[in-house]
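A quick write-up on the structure given underneath.
The values are calculated or read from the model by the stated rules, or taken from the named source; none is laboratory data. What you see is a predicted model, and the numbers here were worked out from it, not measured in a lab. Every residue, glycine as well, gets a Cβ built from its backbone with ideal geometry; the counts of neighbours run over all protein chains shown.
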Amino acid sequence: MSIRERLSGNEAAATAMRQINPDVVAAFPITPSTEIPQYFSTFVSNGTVDTEFVAVESEHSAMSACIGAEAAGARAMTATSANGLSLMWEMIYIASSMRLPIVMSLVNRAVSGPLNIHNDHSDAMGVRDAGWIMLFSENNQEAYDNLIMAHRIAENKDVLLPLMVCQDGFITSHSIENIELIEDEKVKEFVGKYKPEHYLLNDKEKIAMGPLDVQTYLFEHKYQQANAMRNAKKVIAEVSEEFEKMTGRKYSFFEEYKMEDAEIVIVCMNSTAGTTKYVVDSLREKGVKAGLLKVRMFRPFPAEEIAKALSKAKAVAVLDKSDSVNGVGGALYTDVTSAMYVNGVNVPMVNYIYGIGGRDTTSYDIEGVYNDLMEIVKSGKVDNPYRYFGVRREK
């Protein structure tokens, strides 16, 4: 029997961490993820977990401590947001290059500057090529479930990569929702014990970690990382299938909402999907064949599957909650269009940058995107694929 609760996204993440009971948690407070280590520290202080909680002096130190713990053979976790992730940047790459399956809860927030503490995806997009598996979460339930699955994915012998679970700052992190928790014993059994094959404190095997890796070997090691990311795709599918058997909750690489006969489709990530589903339902009542594709697994990117899912659409809009500032669209749009081209799928596509710095995204905004798609279908052409909504323009 699942346990029905009402929790915020941060409480849900901390609860998942409590049930996992990692060996080490190292963290430094930063809005809006501060509550996760704060809640977890109470579990440490009251003896609910036997985790070694390391209160560090910065986020760079938090990831450094996780790297040291994981390299020594311990299961390590952390949480951060925005500028905290930026301060970790050097260690983010080191964690993945050393093939350490650290799990991080990333509560998405705008990266400075100017200073802004509200939600967009600029922090996650800044490390999208750092070699971390990236799972996105529409709501509190998904943030919790993704964290429960995270170690099983990251620690798989064919993967051994760090993993971050993303959720939208304040929108889900601080909003209280109904949630179904899994019993502690079931989580413990599902996650299992961490049994690394190679680690520094193994007195039966002498190894070095973090050595100088010059022209002779670095290319091969990066190729191995890339292969591990490709392997992660299969492992994520297998773990999700096992999770469904335990909970009845099904997770795929992405969610298809009313896509069976959809002619106009929005592609997006995280909490915006909830608003989009509302608009899809409203448009369906009017006879408009609208659909949604919500990306859950951003790294590795499910290119072939997304191209197939969008192949029957007449027009597609990809929503990016961060601007790549490259003059030609956001990161999700670039990946989706690449997937379509490589797989020989030709569908008119547009990109919308939206929600920067926590700018509110309403159902009217989303309906406006669908209206634009209907015009594209009607006219058969895309005048400008690089668009914005919700931004005030100079007159």
The stretch 16-62, subset within 20 Å of the chain's Cα centre (by Cα) and of a type in the set (Ser, Thr, Tyr), residue surrounded by the most Cβ atoms within 10 Å (Cβ to Cβ):
Ser33
Number of the exception - Asp281 against (1) of a type in the set (D, E, K, R); (2) under 26 Å from Ile171 (Cα atoms); (3) touching a residue at least 60 places away in the same chain (Cβ under 8 Å)
(3)
Could you please find all residues in the stretch 238-265 being in a loop (DSSP other than H, G, I, E, B), in contact with a Phe, Trp or Tyr (Cβ under 9 Å, 6 or more places away or on another chain) and without any contact (Cβ under 8 Å) to a residue 24 or more places away in the chain?
Lys250
Mind telling me which of the residues Glu260, Glu255, Glu205, Glu242 ends up being of a type in the set (Asp, Glu), more than 17 Å from Lys157 (Cα to Cα) and in contact with a strand residue (DSSP E or B) (Cβ under 6 Å, 6 or more places away or on another chain)?
Glu255
Is it the case that Phe301 is free of Cβ contacts under 8 Å to residues at least 40 places away in the same chain and farther than 26 Å from Leu283 by Cα?
yes
For the stretch 300-336 the number of residues that are crowded, with 20+ Cβ neighbours inside 10 Å and β-branched (Val, Ile, Thr) is 4
Selection over the stretch 328-363 where residues are out of contact with any helix residue (DSSP H, G or I) (no Cβ under 9 Å at 6 or more places or on another chain) and either more than 23 Å from Asn108 (Cα to Cα) or not assigned by TED's automatic domain parsing to the domain that holds Lys308 (or both) yields a count of 1
Taking the options Val214, Val187, Val239, Val267, name whichever one is surrounded by 12 or more Cβ atoms within 10 Å (Cβ to Cβ) and farther than 30 Å from Lys308 by Cβ.
Val187
Taking only the stretch 172-211 into account, find how many residues are within 30 Å of Ser81 (Cα to Cα) and in a loop (DSSP other than H, G, I, E, B).
16
Look through Asn140, Asn178 and report the one residue that is in the same structural domain as Ser96 (by TED's automatic domain parsing), within 14 Å of Glu11 (Cβ to Cβ) and crowded, with 21+ Cβ neighbours inside 10 Å.
Asn140
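Please pick out the residue among Pro22, Pro32 that is within 24 Å of Asn119 (Cβ to Cβ) and either free of Cβ contacts under 8 Å to residues at least 24 places away in the same chain or out of contact with any helix residue (DSSP H, G or I) (no Cβ under 6 Å at 6 or more places or on another chain) (or both).
Unique residue meeting the criteria: Pro32.
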Taking the options Arg75, Arg109, name whichever one is more than 19 Å from the chain's Cα centre (by Cα), buried (at least 23 other Cβ atoms within 10 Å of the Cβ) and of a type outside the set (A, V, I, L, M, F, W, C).
Arg75
Quickly run through the stretch 112-129 and pick out the residues that are more than 13 Å from the chain's Cα centre (by Cα) and either crowded, with 20+ Cβ neighbours inside 10 Å or of a type in the set (Ser, Thr, Tyr) (or both).
Ser112, His118, Asn119
